[in-house]
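Worksheet: the structure to be examined is printed underneath.
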Amino acid sequence: MLILAKAILAMMIGFMLSVATGLILIPLLKRMKIKQRVSIFLSKNHKEKDGTPTMGGLIFIIPTILTVLILLFMGKMEFSENLFIVILVFVLYGVLGFLDDYLSIKRAHNEGLTEIQKLFGQLFIALVFFFIFMKSGSEPIFDVHTLGIKIDMGWFYGIFLLFILVASSNAVNLTDGLDGLAGGLSLIAFLAFGLISWNSKFVTGSADIAIFCFILVGSLLGFLLYNTHPAKVFMGDTGSLALGGTLASVAVITNHEITLVIVAGVFVIETLSCIIQMLSVRFLGKKAFIMAPLHHHFEKLGWDERDVVKLFWTVGMILSMAAIAFGVWI
């Protein structure tokens, strides 16, 4: 019962602070003219979104950090090295995304950091994560408890972790293209990892990592009040990079890297659609999809944006339930 009470308290505080932050931040973003420029290649419906405030990721980043501090001060959470690592990744990827959004707005078009600059930033943060993670006493072991797999990866483990963090942050970033899509899928994913983390009793501070996940779930729920169709604000790279990197860090720390692939299945599919599209154009001379990522393909087929989002949320929920069964129950 105490576990349930802590989870509800964490989500409730995160939600209330997120709603309050949105009420303050959205008018401020409008006043400062921090607005999204919509690509000319998107459908007619997206043209109406031109000028919508962006950098909305701050609506769930700030409340999440504040809630963690509140619960630590109240003695409802215990500070651990693993919790510090997760929060550090959350903040650093958020700062990287903020810089990208800021440059996009300053230059009055959708080009902030170059792809190389953004990749370098993601790799640097992933290296910081790897260094602290290994210094905390962790071993370079790939461990799948459910399947009884335990492999000492040695130096290759570092490359493995870099790939997971960079791939995850980019996957959420690519999926953030429809109102509420990335936010809703991230909420579902962190809810799943909150339950999975709480079951990871072999991990130091796992209960507090779980509480962090539940706080973020509450904050994302508050954000979705403003981000679902018609969106009053977009999360921008500020939010999407922070969510993707943090999701990967939680998976790595709790030794559930394979589970991450299931939980983040929709993000993976969206990323694969972009890769397939690029390879198809390069080697076959034609598109595999009308437009990539996959959510835009459905839009081009005539689907209503809200129906695409509901379909993807449903698939995300089913995959997360399967992941919980795989990572916790089985």
Query raised in the report: Taking all protein chains as present, what is the carbon and sulfur share of the accessible area of the chain, in % to the nearest whole number, probe 1.4 Å?
Result: 71 percent
Query - Surface per residue (accessible, 1.4 Å probe) for the chain, Å² - result: 47 Å²
Query raised in the report: Which cross-chain or sequence-distant (5 or more) residues have an amide H under 5 Å from the amide H of LYS35, H modelled 1.01 Å from N in plane?
Result: THR54
Report task. Compare the peptides 52-60, 136-144 by average per-residue count of other Cβ atoms within 10 angstrom and give them in order, highest first. Result -> 52-60, 136-144
Report summary line: Quick shape check on the range 110-255: root eigenvalues a ≥ b ≥ c of the Cα gyration tensor, a/c under 1.5 is rounded, otherwise prolate if a/b tops b/c, else oblate, and it reads oblate
Report task. Once you have a ≥ b ≥ c as the square roots of the Cα gyration tensor eigenvalues for the range 69-137, tell me rounded if a/c is under 1.5, and otherwise prolate or oblate according to whether a/b is larger than b/c. Result -> oblate
**Report entry** At 1.306 mPa s and 10 °C, Stokes diffusion of the chain via Kirkwood alpha-carbon radius, µm² per second
**Finding:** 79 µm²/s
Report summary line: A student applying the Cα gyration tensor rule (rounded when a/c is under 1.5; otherwise prolate if a/b is larger than b/c, oblate if not) would label the range 51-172 oblate
Query - Summed side-chain charge close to GLY236 - residues other than GLY236 whose Cβ falls under 11 Å, Lys, Arg +1, Asp, Glu -1 - result: -3
Report summary line: Rh_Kirkwood(the range 208-283) over Cα pairs, Å, one decimal, evaluates to 14.5 Å
Report summary line: Once amide hydrogens are built 1.01 Å from N within the peptide plane, the residues lying 5 or more places from GLY177 or on another chain with amide H under 5 Å from its amide H are ALA182
Query raised in the report: Going from most exposed to least, what order do ARG282, ARG107 have by accessible area with a 1.4 Å probe?
Result: ARG282, ARG107
**Report entry** Estimated 222 nm signal from helices in the chain, with DSSP H stretches of n ≥ 4 weighted -39500 (n - 2.57), rounded to 500
**Finding:** -23500 deg cm²/dmol
Query raised in the report: Between their Cα atoms, which of LYS33/LYS106; LYS118/LYS310; LYS35/LYS232 are more than 19 Å away from each other?
Result: LYS118/LYS310
Query - Computed over the range 176-330, Cα set: Rg, Dmax in Å - result: 16.4, 51
Requested in this report: Compute the relative contact order of the chain as a whole-number percentage, counting only Cα pairs closer than 8 Å that sit 6 or more residues apart in sequence.
Outcome: 27 percent
Report task. Provide the packing ranking of 227-238, 185-196, i.e. peptides ordered by the mean count of other C-beta atoms within 10 Å per residue, highest first. Result -> 185-196, 227-238
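The values are calculated or read from the model by the stated rules, or taken from the named source; none is laboratory data. Predicted, not measured: the structure shown is a model, and the values here were computed from it. With ideal geometry, Cβ positions are generated from the backbone for all residues, glycine too; neighbour counts draw on all protein chains shown. Remember, those area values only see protein heavy atoms, side chains included, never the ligands or the DNA or RNA. Shrake-Rupley method; radii C 1.70, N 1.55, O 1.52, S 1.80 Å.
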